[in-house]
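As structure tokens, the structure follows; a few thoughts come after it.
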Amino acid sequence: MTFTYDTEVALTAAAALVNTARNGSEALPDQAAVEGVVGGGQWSGNRTGDQKELRQVRELRPTLRRFWELDEPGCVELVNRLLRAERALPQLVKHDHWDWHLHATQPDAPLASRMSVEAAMAMVDVIRQHELSRLRVCEGVDCDAVLVDLSRNRSKRYCDDGCGNRANVAAYRARRRAPSATPAP
């Protein structure tokens with residue numbers, strides 16, 4: 001495991017949220033879509049389910065995307081800004097199926113605030129372990145999805161939406177079209 005379980009969950013959740021606004025599309029049209037992104041027991045605490053919450057979650061995406069674009073000093077500045085803005089106060093908690101882990105907001109804090117702080121706390125681990133290279137943008141043609149490479153050999157290059165498969169098929173077809181480099185006997 002590269003990071004602690006809660007850090008990996010927070011990083012992949014941040015990437016999933018960022019990817020709801022990729023390639024110019026809107027994958028968070030309503031509150032039900034927000035529930036789909038934040039569901040699965042990864043986000044404890046209160047949710048209002050109103051338009052204000054939806055707007056705040058949408059507005060958070062470009063800020064979180066910056067983690068995939070900034071260098072280390074820039075990421076440090078962003079982490080500190082997010083933690084200060086939400087007055088983060090890390091505390092050990094244990095709930096639901098989770099063992100001891102850190103929360104830095106109260107359960108009644110707005111969802112977007114909790115998401116922001118969780119991402120910032122995860123980035124603390126990424127920065128301290130000098131692992132920013134694990135945050136990547138998909139190499140697929142016409143894909144701007146972000147990803148977190150948690151593989152041992154740091155080889156993940158594509159998002160999980162089939163970009164890797166499309167690239168492999170295109171490479172195969174290009175090889176088949178290319179004239180043979182070996183002369184016939």
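Side notes on the structure shown:
- Each residue in region 78-94 was checked for being surrounded by 12 or more Cβ atoms within 10 Å (Cβ to Cβ) and either in contact with a helix residue (DSSP H, G or I) (Cβ under 6 Å, 6 or more places away or on another chain) or within 25 Å of W68 (Cα to Cα) (or both), and 11 pass.
- Single residue of S155, S151, S113 found to be hydroxyl-bearing (S, T, Y) and buried (at least 18 other Cβ atoms within 10 Å of the Cβ): S113
- Residues of region 140-153 that are closer than 22 Å to R66 by Cβ and part of a loop (DSSP other than H, G, I, E, B): G140, D142, C143, D144, A145, D149, L150.
- Verdict on T7 being out of contact with any helix residue (DSSP H, G or I) (no Cβ under 8 Å at 6 or more places or on another chain), in contact (Cβ under 8 Å) with a residue 24 or more places away in the chain and in a helix (DSSP H, G or I): no
- Among the residues making up region 1-25, those that are under 16 Å from the mean Cα position of the chain (by Cα) and either surrounded by fewer than 13 Cβ atoms within 10 Å (Cβ to Cβ) or more than 17 Å from V124 (Cα to Cα) (or both) are Y5, A16, L17, V18, N19, T20, A21, R22, N23.
The rows are residues; the columns are (1) in contact (Cβ under 8 Å) with a residue 12 or more places away in the chain; (2) under 30 Å from R154 (Cβ atoms); (3) touching a Leu at 6+ places or on another chain (Cβ under 6 Å).
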residue: S44; (1), (2), (3): yes, no, no
residue: G49; (1), (2), (3): yes, no, no
residue: E53; (1), (2), (3): yes, no, yes
residue: L64; (1), (2), (3): yes, yes, no
residue: T105; (1), (2), (3): yes, no, no
residue: P110; (1), (2), (3): yes, no, no
residue: I127; (1), (2), (3): yes, yes, no
residue: E131; (1), (2), (3): yes, yes, no
residue: L135; (1), (2), (3): yes, yes, no
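- Residue, surrounded by the most Cβ atoms within 10 Å (Cβ to Cβ), within region 55-77, restricted to residues that are within 17 Å of P110 (Cβ to Cβ) and under 18 Å from the mean Cα position of the chain (by Cα): V57
- Number of the condition not met by V76 [criteria: (1) free of Cβ contacts under 8 Å to residues at least 24 places away in the same chain; (2) outside any loop (DSSP other than H, G, I, E, B); (3) out of contact with any Phe, Trp or Tyr (no Cβ under 8 Å at 6 or more places or on another chain)]: (1)
- Test result for D108, part of a loop (DSSP other than H, G, I, E, B) and on the phi > 0 side of the Ramachandran plot: no
- Some residue of region 87-103 being over 20 Å from W43 (Cα atoms), touching an Asp or Glu at 6+ places or on another chain (Cβ under 9 Å) and not basic (K, R): no
Read-outs: derived from the displayed coordinates by stated rules, not from any lab. All values reported here derive from a predicted model rather than from experimental measurement. Note that each Cβ is placed from the backbone with ideal geometry, even for glycine, and that neighbours are counted across all protein chains shown.
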